[in-house]
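Colleague: Questions regarding the structure given below will be posed in turn.
The values are calculated or read from the model by the stated rules, or taken from the named source; none is laboratory data. Fair warning: this is a prediction, and the values are worked out from it, not measured in the lab. Cβ atoms come from the backbone with ideal geometry, glycine included; neighbour counts cover every protein chain shown.
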Amino acid sequence: MSETRSEADELEAAARAFAAADGFERDAAELRAELRRLRAAGRTAPSWGSRFELRSALPDALPRIAAEAAFLIAVAVFVGVAGYGAVTIVLAMAAAWLVVIAIESVLLRERRAAAAPPAGEPTPDGEAFLEALRPSPAARSRSSSALR
């Protein structure tokens, strides 16, 4: 009886393995069909190895921020290793932070100056903008007649 039980267990395990393989085949077929649909629609997988794609995904300010952080860390390490007291370390870090703030404010002014409209072009005022949004008299009469 133990031999028949063992054979029954083996048959049941084989049936479970076949069922799992069949399920895997169905899932693989669905994934292949979806991949074909995506390719037909013109979508392809991104190539993660390209440095250009990685560079375009990073913000432009990242190198500047990294340099500023490295500057602050370098000042902290230099002052700490030199053996200065706590007050001197705090003052040195405050001065380094003020240098970073000054650099950022200069860069902000440059960005604002570059984004400002040229002096020869008129800037839209609020009243002209609101006037452009108001419907014309013909459109108002059409809408009021439609409401009646």
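Colleague: Looking at the stretch 99-126, I want the residues that are within 20 Å of ALA69 (Cβ to Cβ) and have a partner that is among the acidic types (Asp, Glu) and modelled with pLDDT of 85 or more with Cβ atoms under 6 Å, at least 6 apart or on another chain. Which pairs are those?
Modeller: Taking only residues 6 or more apart or on different chains, the pairs are VAL100/GLU68.
For every residue, the table says whether it meets (1) modelled with pLDDT of 70 or more; (2) part of a loop (DSSP other than H, G, I, E, B).
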position	(1), (2)
GLY80	yes, no
TYR84	yes, yes
MET93	yes, no
ALA102	yes, no
GLU110	yes, no
GLU127	no, no
GLU131	no, no
ARG140	no, no
SER145	no, no
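For every residue, the table says whether it meets (1) touching a His at 6+ places or on another chain (Cβ under 9 Å); (2) in a helix (DSSP H, G or I); (3) modelled with pLDDT of 90 or more; (4) within 30 Å of ARG111 (Cα to Cα).
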{"site": "ALA20", "(1), (2), (3), (4)": "no, yes, no, no"}
{"site": "ALA33", "(1), (2), (3), (4)": "no, yes, no, no"}
{"site": "SER56", "(1), (2), (3), (4)": "no, yes, no, yes"}
{"site": "ALA67", "(1), (2), (3), (4)": "no, yes, yes, yes"}
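Colleague: Out of ALA13, ALA76, which single residue is surrounded by 10 or more Cβ atoms within 10 Å (Cβ to Cβ) and either assigned by TED's automatic domain parsing to the domain that holds ILE101 or at pLDDT 85 or above (or both)? Spell out the reasoning first.
Modeller: Numbers: ALA13 fails: either assigned by TED's automatic domain parsing to the domain that holds ILE101 or at pLDDT 85 or above (or both).
Answer to the selection: ALA76.
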